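Report on one structure; see the data block that follows.
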Amino acid sequence: MRDAPEISVSGDPFAELDDARPSAERRAIGELHKGGERLIAYTEGGRCGLLVTRSGNEKGPVLSLDTAMPKSDDQGSSKMPAGPYLKSSATGSGASKPWASMSCGKNAMVIEYSSHGTGNPSKPRGSVSTAEGPEGSHSLFVAVGEEGARKKILSALPPGP
């Protein structure tokens, strides 16, 4: 994950994170839009992160989540390909009631994002692939990392609609 190519992101989506926890190591590695929300996957040293903002760059993140990469192959879960992973989840703010679960590994990041906001996901930018979750779930799965790892991860997920 630390070797994933950095992408440029418009605006200053990390401004509030920098106010709370400045970091020269933070690198955006993937981005997509879903309805009125902008999802940015990033790394920060030995951590993975997800920042969700409103697409119009309105004040404040809708959801922010980060977790550490496993320190060894004995730490975390290996239920998904390209693991092991350490996992965390968070509920965000706003009318769309966003929720995210993120599994962070040295080789890949797997995000499950659920929001009641409408709209199909945009074409992702960066080292990102997506798959819709089961019908009616409002879920979107996002695999981040090298292309081969992303394909294996998405093929191991539950089938979408």
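Inside the stretch 112-150, can you point out the residues that are farther than 20 Å from Lys87 by Cβ and more than 16 Å from the chain's Cα centre (by Cα)?
Passing the criteria: His116, Gly117, Thr118, Gly119, Asn120, Glu135, Gly136, Gly148.
Yes/no matrix, rows are residues, columns are (1) in contact with an Asp or Glu (Cβ under 7 Å, 6 or more places away or on another chain); (2) within 21 Å of Glu16 (Cβ to Cβ); (3) polar (S, T, N, Q):
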{"residue": "Gly76", "(1), (2), (3)": "no, no, no"}
{"residue": "Lys79", "(1), (2), (3)": "no, no, no"}
{"residue": "Ser122", "(1), (2), (3)": "no, no, yes"}
{"residue": "Leu140", "(1), (2), (3)": "yes, no, no"}
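Pairs, please: C-beta under 9 Å, at least 6 apart or cross-chain, first residue modelled with pLDDT of 90 or more and in the stretch 1-30, second assigned to a loop (DSSP other than H, G, I, E, B) and polar (S, T, N, Q)?
Going by the 9 Å Cβ cut-off, the qualifying pairs are Pro5/Ser127; Ile7/Ser127; Ala28/Ser8; Ile29/Ser127; Gly30/Ser127.
Hey, any hits in the stretch 142-156 for a residue that's free of Cβ contacts under 8 Å to residues at least 60 places away in the same chain, assigned to a loop (DSSP other than H, G, I, E, B) and surrounded by fewer than 20 Cβ atoms within 10 Å (Cβ to Cβ)?
Looking for residues that are free of Cβ contacts under 8 Å to residues at least 60 places away in the same chain, assigned to a loop (DSSP other than H, G, I, E, B) and surrounded by fewer than 20 Cβ atoms within 10 Å (Cβ to Cβ), one finds none in the stretch 142-156, hence no.
Before we move on, is Met1 part of a strand (DSSP E or B), open to solvent by less than 30 Å² (accessible area, probe 1.4 Å) and within 30 Å of Pro134 (Cα to Cα)?
So Met1 fails the test.
When the stretch 1-37 is examined, which residues are found to be under 17 Å from the mean Cα position of the chain (by Cα) and aliphatic (A, V, I, L, M)?
Met1, Ala4, Ile7, Val9, Leu17, Ala28, Ile29, Leu32
Under the condition of being modelled with pLDDT under 90 and farther than 18 Å from Gly119 by Cβ, which residue from the stretch 46-63 is least open to solvent (accessible area, probe 1.4 Å)?
Gly60
I'd like to check something: does the stretch 25-44 contain any residue that is open to solvent by less than 10 Å² (accessible area, probe 1.4 Å), part of a strand (DSSP E or B) and over 20 Å from Glu147 (Cβ atoms)?
Checking the stretch 25-44: at least one residue is open to solvent by less than 10 Å² (accessible area, probe 1.4 Å), part of a strand (DSSP E or B) and over 20 Å from Glu147 (Cβ atoms).
If a residue has to be open to solvent by less than 50 Å² (accessible area, probe 1.4 Å), within 14 Å of the chain's Cα centre (by Cα) and of a type outside the set (Gly, Ala, Ser) to count, how many in the stretch 70-92 make the cut?
2
The values are calculated or read from the model by the stated rules, or taken from the named source; none is laboratory data. Since the structure is predicted, the reported quantities are computational estimates derived from the model, not experimental observations. As a convention, Cβ positions derive from the backbone with ideal geometry for all residues, glycine included, and neighbour counts pool all protein chains shown. These accessible areas exclude ligands, DNA and RNA; they are computed on the full protein's heavy atoms, side chains included. Shrake-Rupley method; radii C 1.70, N 1.55, O 1.52, S 1.80 Å.
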